[in-house]
Structures are given as C-alpha cells and as structure tokens.
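The values are calculated or read from the model by the stated rules, or taken from the named source; none is laboratory data. Just so we're clear, the structure is a prediction, and the values are computed from it rather than from any experiment. Here Cβ is always computed from backbone atoms with ideal geometry, including for glycine, and neighbour counts include all displayed protein chains. When the accessible area is computed, the model is the full protein with side chains, heavy atoms only, and any ligands, DNA or RNA have been set aside. Shrake-Rupley method; radii C 1.70, N 1.55, O 1.52, S 1.80 Å.
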Amino acid sequence: MNNIKQNEFIFTKLEASIKKENAHVNEIKIVSPFINGKGIKFMQELIDEAKHLKSLKIITTTFDGKSKFLDLDGLVKFKNKNQIVDVIIENSYLANVDRLHSKNIIFVKTKDHNSVAFVGSSNMTDKGLSTGKESSVRIDQDFNPQIFQKINDYFDELWQNKTDFFNISDQMQLNLALSKKERYENCFVTPSLEELKETDFYSQITKNEPMQLFDYQKTAIQNIFTNIENGYKKHLIVMATGTGKTFTIMSFIQQYYENADIHKSNDLPRVLYLAPRNEILEQAIATLKKANSNVLDDEIFKFFSSHNKISDYQEEPFIFTSYNSAILYHQ
C-alpha cells in the first residue's frame, strides 16, 4: 500500500536517500548536467539492486561543447552494458542552445507504491551525491501530486526534444562530441607541479639566471608561427593561471623580432599590451626585459598611472597601458 510522506529537505548524503526509494521502482529518470565516474558507478548500483526496474533514462549535456564535466566514454560503456539504459545529450556546441542546468531524479514506482522525485542542486558526481554542500527536496507524489506531475512532465518534454538533444546511440553526433572533447583536452595540457612552481612569476623574476621556456610554451609559440606562415593574422593563446602566459608572449615577441624570414623587413610592428591593473603592467615590462635583454627603457612607453601622458609618446615600439587609460584617451 502507499506510504504517504511529506516533502523532505535533504542536505547531506543524497545517495543514501535515493537508495531508500529503489526497492519498488519501475522507471528512473535522471536529469544531470555533470556526470562523472562516481555517478556512473552509483547508477549501476541502482540497476543492480532494483528488482523491478525496466528503464533508466538519463538526460545530460556537453555543457559548453567540450564535455569537460561529462564522462562521455564511461557513459557509452554504461549504456552498452545495460539494455534498460537510454541517454540523450544536449547539443551544447550549437550556438542557439540554452545550457541545461536542471538536476532532477524521478522514481516511478510499481503499482501500490508511492513515486517520488528529488529536485535540487546535485549532479551525478562525488560532490553531488555525497561529499559536497549540495541540497535537494524530495517530492512525494501522493502528498504533492500536482508538483510531482509537473516535474515528470518537464522530464518528458526534454526527452521528446529532438532539436537540442541527440541520443547517445547516434554515432555521428557522438563522434562529434567525443572529437570536441579530445581537441579540448589536447589543447590544455596541464604542466606538472614542478613546472608550475618554476613558471610562477614571483619565483622566476627574482632569479639571476634567464627564464627558460617549457615544452608547452614552445608548442604555443610554434603554433603561432605556423599560423602566420599559413596566412592567419589573428591568434589567441589561452593558458591557466600560473603557467607563464606573459613570458610565453614576450618570448614570442623576441623570436618574431629576430626572425627575418617572418617579417622580411625592418618595419617591425609595435606591441600594445593591455591589462586591468598597473601591477600587472609593471610585471609584464619586467618579463619583457627578462625575455629580451636587447629591449631598452627608452623603447618602452608606459601609458598608465602617472608615468606618461599621451603627448609624450614618441612611437616607442612597446606600449603598455591599462584599460582605463586607453578608454580615457579615446573619449
């Protein structure tokens, strides 16, 4: 018989509350933008322990197209292992898609047992299920039938959306998602801890010996030169905090100036370096001198703080300015 409960606020160890509802479940519906190995293992436990389960549907997302919060490979293996599992994935790399943020878990029970839904902030991850400061509300179908129905209808509406979602069995779309994930991971190679220590600005700038480029910095510079040779005129480098962005850029400038085959004339371009704070500009100037000992003080124009006025500009090749100074000049 039905056991009517009031709604319940859950703020610790959601996985324990979820497993209490697993005994008489007929269908499980999960909306979770982030799913990692822990989440997949937990869902496998639900399948293994549920005697009456006939269907487990999952709705997730590649988030920003890079799937950095989604274990795509693990999800494919999970689907292939369990015939009752079906998965649809949001096409987040489409420009017109609003990213999925809902986190819902619905337990549709067998006859004479009360269905429930969990709605909150928890993803299918370690933090979402057990270790994080997450919270959810357990909605009892018999206690709140209209609310429960809306949650269930919302899931079904998403499930029927063929425009913004693709089925994990769609090999072409899956390959596209996997290739984007692979390209993203290959572009952002995380340096070792020792490399991070060595590239920290404050530890480097106080050393007497010259800075040395690490392999990932050399690769970034080489990629720019390759793009230049291929006719590209705009380039973007994205690097994590502490991995030596400024030194990479200043080293590229040094190599560019020394590479006559690239610029093929003495008419070298001027360098404009923009930053939000004066401290960063001073650090960048120090790094430029460290990377290129041939740069003289009178070749650097400081257009920030009270160093110079724009009228003092004498076509110095290296211009360092703050956003605010640049904006004020153009007003």
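Checking each residue in the stretch 128-147 for being touching a residue at least 40 places away in the same chain (Cβ under 8 Å), part of a loop (DSSP other than H, G, I, E, B) and over 23 Å from the mean Cα position of the chain (by Cα) picks out Asp142, Phe143, Asn144. Please indicate, with yes or no, whether at least one residue in the stretch 293-305 is more than 18 Å from Ser325 (Cα to Cα), at pLDDT 85 or above and outside any helix (DSSP H, G or I). Looking through the stretch 293-305, at least one residue is more than 18 Å from Ser325 (Cα to Cα), at pLDDT 85 or above and outside any helix (DSSP H, G or I). Of all residues in the stretch 235-274, those satisfying the criterion of being open to solvent by less than 40 Å² (accessible area, probe 1.4 Å), hydrophobic (A, V, I, L, M, F, W, C) and modelled with pLDDT of 85 or more are Phe247, Met250, Phe252, Ile253, Val271. Beta carbons closer than 6 Å, at least 6 apart along the sequence or on distinct chains, pair a first residue in the stretch 110-127 that is in contact (Cβ under 8 Å) with a residue 12 or more places away in the chain with a second that is of a type in the set (Gly, Ala, Ser) and assigned to a loop (DSSP other than H, G, I, E, B) for Gly120/Ser135; Ser121/Ser135; Asn123/Ser32; Met124/Ser32. In the stretch 148-169, the residues that are free of Cβ contacts under 8 Å to residues at least 12 places away in the same chain never reach a residue that is open to solvent by 50 Å² or more (accessible area, probe 1.4 Å) and assigned to a helix (DSSP H, G or I) with C-beta atoms less than 7 angstrom apart, at least six apart or across chains.
Scanning the stretch 49-91 for residues that are farther than 24 Å from Tyr154 by Cα, charged (D, E, K, R) and in a loop (DSSP other than H, G, I, E, B) yields Lys51, Lys66, Lys68, Asp71. For the stretch 49-69, the candidate set comprises residues that are touching a Pro at 6+ places or on another chain (Cβ under 8 Å) and surrounded by 19 or more Cβ atoms within 10 Å (Cβ to Cβ); within that set, the residue that is modelled with the highest pLDDT is Thr60. Scanning the stretch 120-147 for residues that are surrounded by fewer than 20 Cβ atoms within 10 Å (Cβ to Cβ) and either touching a His at 6+ places or on another chain (Cβ under 7 Å) or of a type in the set (A, V, I, L, M, F, W, C) (or both) yields Val137, Phe143, Ile147.
The C-beta contact set for the stretch 263-285 (first residue closer than 14 Å to Thr246 by Cα, second residue loosely packed, with under 10 Cβ neighbours inside 10 Å and modelled with pLDDT under 80, distance under 9 angstrom, 6+ apart or interchain) comprises Gln283/Tyr202. Cβ-Cβ contacts under 8 Å between residues 6 or more apart (or on different chains), taken from a first residue in the stretch 10-27 that is of a type in the set (D, E, K, R) to a second residue that is at pLDDT below 90, are listed as Lys13/Ser130; Glu15/Ser130. Here Asn36, Asn26 are screened, and the one residue that is of a type outside the set (Asp, Glu), within 20 Å of the chain's Cα centre (by Cα), open to solvent by 10 Å² or more (accessible area, probe 1.4 Å) and closer than 20 Å to Val119 by Cα is Asn36.
The number of residues in the stretch 70-98 that are at pLDDT below 90, surrounded by fewer than 19 Cβ atoms within 10 Å (Cβ to Cβ) and among the acidic types (Asp, Glu) comes to 2.
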